[in-house]
Amino acid sequence: MQRILIIDDDEDIIETVGSLLKFEGYEVDFAMTTEKGIDMIKEALPDLVLLDIMFPDKKTKGFDAASIIKDLYPDLPLFVFTAINREYAFDFSKDDIKADEFINKPVKLDRLVEKIKQYI
């Protein structure tokens, strides 16, 4: 069974997305901090990581974690969740952060599953 790790501080996202992915046949793990998520990747390499960008204790924490994850595991598919995009406070693109895909919040679940299937 393919494993997906969700790293997000939002319990609703973890519950909603996690339930959908389990329904789709994936094994789902989650971490509510980037530190815990990186530790979990080291312990049991998942097939794909879904990473939130913004965390309450440090606004760039997701960017930092993405860089660490991709430096350690360049072939590990990494999707970032974000409620921020060009319409909001930040202007960034895939070139600005090490990620394979950007998933806007609120998450369109059917689109997320479609994207995941392209990678695993």
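Readers should treat all values here as calculations from the given coordinates under stated rules, not as data from a laboratory. All of these numbers come straight from a predicted model, not from anything done at the bench. Don't worry about glycine lacking a Cβ; one is built from the backbone with ideal geometry, like all the others, and counts go over all protein chains shown.
Nearest 5 percent is fine: what portion of the DSSP beta bridges confined to the range 3-114 is antiparallel?
Around 5 percent antiparallel, to the nearest 5.
What FRET efficiency would be calculated for the residue pair Lys117, Glu35, taking the C-beta separation as r and a Förster radius of 22 Å, to the nearest 0.05?
So, using R0 = 22 Å, E works out to roughly 0.15.
By the gyration tensor of its Cα atoms, with a ≥ b ≥ c the square roots of the eigenvalues, what is the shape of the chain: rounded for a/c under 1.5, prolate for a/b over b/c, or oblate?
Verdict is rounded for the chain.
Using each residue's phi in the range 5-11, evaluate 6.51 cos²θ - 1.76 cosθ + 1.60 at θ = phi - 60° and report the 3J(HN,Hα) Karplus result to the nearest Hz, with x for Gly and Pro.
In residue order, the calculated couplings are 9, 9, 10, 7, 8, 9, 4 Hz.
Please give, to one decimal in nm, the separation of the simple spin-label points placed at Lys22 and Leu72, each 7 Å out from Cα toward the Cβ.
Distance between label points: 2.6 nm.
Using a 10 Å cut-off on Cβ atoms, rank the peptides 42-48, 98-104 from the highest mean neighbour count down.
By packing density, highest mean first, the sequence is 98-104, 42-48.
Dipole size in debye (nearest 20) for the chain around its Cα centre, Lys and Arg Cβ +1, Asp and Glu Cβ -1?
Dipole magnitude for the chain comes out near 240 debye.
From the phi angles alone, apply the Karplus equation (6.51, -1.76, 1.60; θ = phi - 60°) to the range 103-120 and give each ³J(HN,Hα) in whole Hz, x where the residue is Gly or Pro.
So the Karplus estimates, Gly and Pro as x, are 10, 6, 8, x, 6, 8, 4, 5, 5, 4, 4, 4, 5, 4, 5, 6, 9, 9 Hz.
Compute the relative contact order of the chain as a whole-number percentage, counting only Cα pairs closer than 8 Å that sit 6 or more residues apart in sequence.
Contact order relative to length: 23 percent.
Measure off 7 Å from each Cα along the Cα-to-Cβ vector at Ala83 and Met1, then give the distance between these two points in nanometres to one decimal.
3.0
Where is the GNM fluctuation largest for the chain (alpha-carbon springs, 10 angstrom cutoff): Val80, Val28, Val107?
Val107
Roughly how many nanometres apart are two label points built 7 Å out from the Cα toward the Cβ at Lys58 and Asn104?
2.9
Show me the ranking of peptides 62-70, 109-117, 15-23 by mean Cβ neighbours inside 10 Å, starting with the highest.
62-70, 15-23, 109-117
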